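Peer 1: Have a look at this one before I ask anything.
Values quoted throughout were computed directly from the atomic coordinates according to the rules given, and no laboratory measurement underlies them. This one's a predicted model, so the numbers in the text were calculated from it and none came from an experiment. Positions of Cβ are backbone-derived with ideal geometry, glycine not excepted, and every protein chain shown enters the neighbour counts.
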Amino acid sequence: MPDTTRPTPTTREAERAEAEIHAQPDRMPTPDEEADADEHELDPEVAAHEKEMLERGANQKGEGRVP
């Protein structure tokens, strides 16, 4: 097994900075793309399932729960 090393302060700072980066899209949608998306109707069954899963996750108990 190789010897373990300790991260340098430079490495730790780089990791902290990287942890602060939030995901974002490569580009924003064009007005045409937004209009096309708004024209579609949501499937009520899919919307109900999403709501159920959000509630189930919010009310989760036990192991794996985020405080």
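Peer 1: Between Ala37 and Thr5, how many nm apart are label points set 7 Å from Cα along the C-beta direction?
Peer 2: If labels sit at Ala37 and Thr5, their model points lie 4.3 nm apart.
Peer 1: In the chain, how does Rg compare with the Kirkwood Rh, expressed as the Rg/Rh ratio over alpha carbon atoms? Please report the intermediate quantities before stating the final value.
Peer 2: Details: Rg = 21.6 Å, Rh = 17.7 Å.
Reported Rg/Rh, Kirkwood definition of Rh: 1.22.
Peer 1: Further question on the same structure: Would you work out which of Ala14, Val46, Gly57 lies farthest towards the positive end of the dipole of the chain, given +1 charges on the beta-carbon of Lys and Arg and -1 on that of Asp and Glu, about the Cα centre?
Peer 2: Ala14
Peer 1: Sticking with this one: Give the longest segment of the chain that steers clear of GluC sites (Glu not before Pro) in DSSP loops with at most 12 neighbouring Cβ atoms within 10 Å, not counting the sites themselves. Can you show the working numbers first?
Peer 2: Working: sites that count: Glu20, Glu41, Glu63.
After excluding every exposed loop site, the longest remaining stretch is 42-62.
Peer 1: Would you please name the trypsin sites (Lys or Arg not before Pro) within region 6-66 that are DSSP coil residues with at most 15 other C-beta atoms within 10 Å of their C-beta? Could the numbers behind the result be given before it?
Peer 2: Working: sites: Arg12, Arg16, Arg27, Lys51, Arg56, Lys61, Arg65; in loops: Arg27, Lys61, Arg65.
Answer by residue number: Arg27, Lys61, Arg65.
Peer 1: Report, in deg cm²/dmol and to the nearest 500, the calculated mean residue ellipticity at 222 nm for the chain, where each DSSP H run with n ≥ 4 adds -39500 (n - 2.57) and the sum is divided by the residue count. Please list the in-between numbers first.
Peer 2: Details: 3 runs with 35 residues, N = 67.
Computed mean residue ellipticity for the chain: -16000 deg cm²/dmol.
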